[in-house]
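Peer 1: Following this message is one structure expressed as structure tokens.
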Amino acid sequence: MFGMDTSGSSTGRARVQMSLRQMTVGALALSLTLPAAAGERVAKCFEEASARFGHANPKVLRALAEQESSGMCTRRHPVNAGGTYDIGCMGINSSWLPKLQRQFGITEQDLYDPCTNVHVGAWIHAKNVRQYGDNWRAIGAFNARSEHKRVAYAWKINSQLNALR
């Protein structure tokens, strides 16, 4: 996962954890020292995440972020009906937190970093593409488990993609 050692070894997890933590610290330092450049940095994160995961088209990632948060990358969203909540610009659901912590050492606090959040969102989307194919079903699965909700969400992303043109 995350384009690195997928063997599950502690060495591989340590490299992923270190890489993501370095990225987080670097992005935070950049946003604190160069506020005007922070938006450009986040925009670059979509391109980097797309390249890292291959199946994650940067335009689709941007459309997902726009749908999930209207581009508000550093906030926690209100609690969902099921008691979970979404985090950051990609709307990473809190139900992912145990897996992210266990596999990659990523905490909720890490997800408030826009670049980390975008990379995690790209990882989730790439996982869906591997499961469903590179299609609207995979896009819908970013937000929904049931088929009818996936279809409705995919239509929302289609609208976001059209707005980004």
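The values are calculated or read from the model by the stated rules, or taken from the named source; none is laboratory data. Being a predicted model, the structure only gives us computed values, none of them experimental. Cβ sites come from the backbone with ideal geometry, for glycine too, and all protein chains shown count toward neighbours.
Peer 1: Within region 122-137, restricting attention to residues that are more than 16 Å from Leu100 (Cβ to Cβ) and in contact (Cβ under 8 Å) with a residue 60 or more places away in the chain, which residue is nearest to the chain's Cα centre (by Cα)?
Peer 2: Per the stated criteria, the residue is Val129.
Peer 1: Just one of (1) free of Cβ contacts under 8 Å to residues at least 40 places away in the same chain; (2) of a type in the set (D, E, K, R); (3) crowded, with 23+ Cβ neighbours inside 10 Å trips up Arg76, so point out which.
Peer 2: (3)
Peer 1: To continue, here is another question. Kindly evaluate Gln67 against the criterion of being surrounded by fewer than 22 Cβ atoms within 10 Å (Cβ to Cβ), closer than 22 Å to Lys44 by Cα and in contact with a helix residue (DSSP H, G or I) (Cβ under 7 Å, 6 or more places away or on another chain).
Peer 2: yes
Peer 1: While we're here: Ile87 fails exactly one of the following numbered conditions: (1) more than 11 Å from the chain's Cα centre (by Cα); (2) surrounded by 18 or more Cβ atoms within 10 Å (Cβ to Cβ); (3) over 26 Å from Arg165 (Cβ atoms); (4) aliphatic (A, V, I, L, M). What is the number of that condition?
Peer 2: (1)
Peer 1: Scanning region 117-165 for residues that are of a type in the set (A, V, I, L, M, F, W, C) and not in a helix (DSSP H, G or I), which turns out surrounded by the fewest Cβ atoms within 10 Å (Cβ to Cβ)?
Peer 2: The qualifying residue surrounded by the fewest Cβ atoms within 10 Å (Cβ to Cβ) is Ala144.
Peer 1: Which of the residues spanning region 88-116 are part of a helix (DSSP H, G or I), among the hydroxyl-bearing types (Ser, Thr, Tyr) and either under 17 Å from Ser69 (Cα atoms) or in contact with a Phe, Trp or Tyr (Cβ under 9 Å, 6 or more places away or on another chain) (or both)?
Peer 2: Scanning region 88-116 gives Ser94, Thr116.
Peer 1: Among the numbered criteria (1) touching a Lys or Arg at 6+ places or on another chain (Cβ under 8 Å); (2) at pLDDT 95 or above, which one does Thr107 miss?
Peer 2: The one condition Thr107 does not meet is (1).
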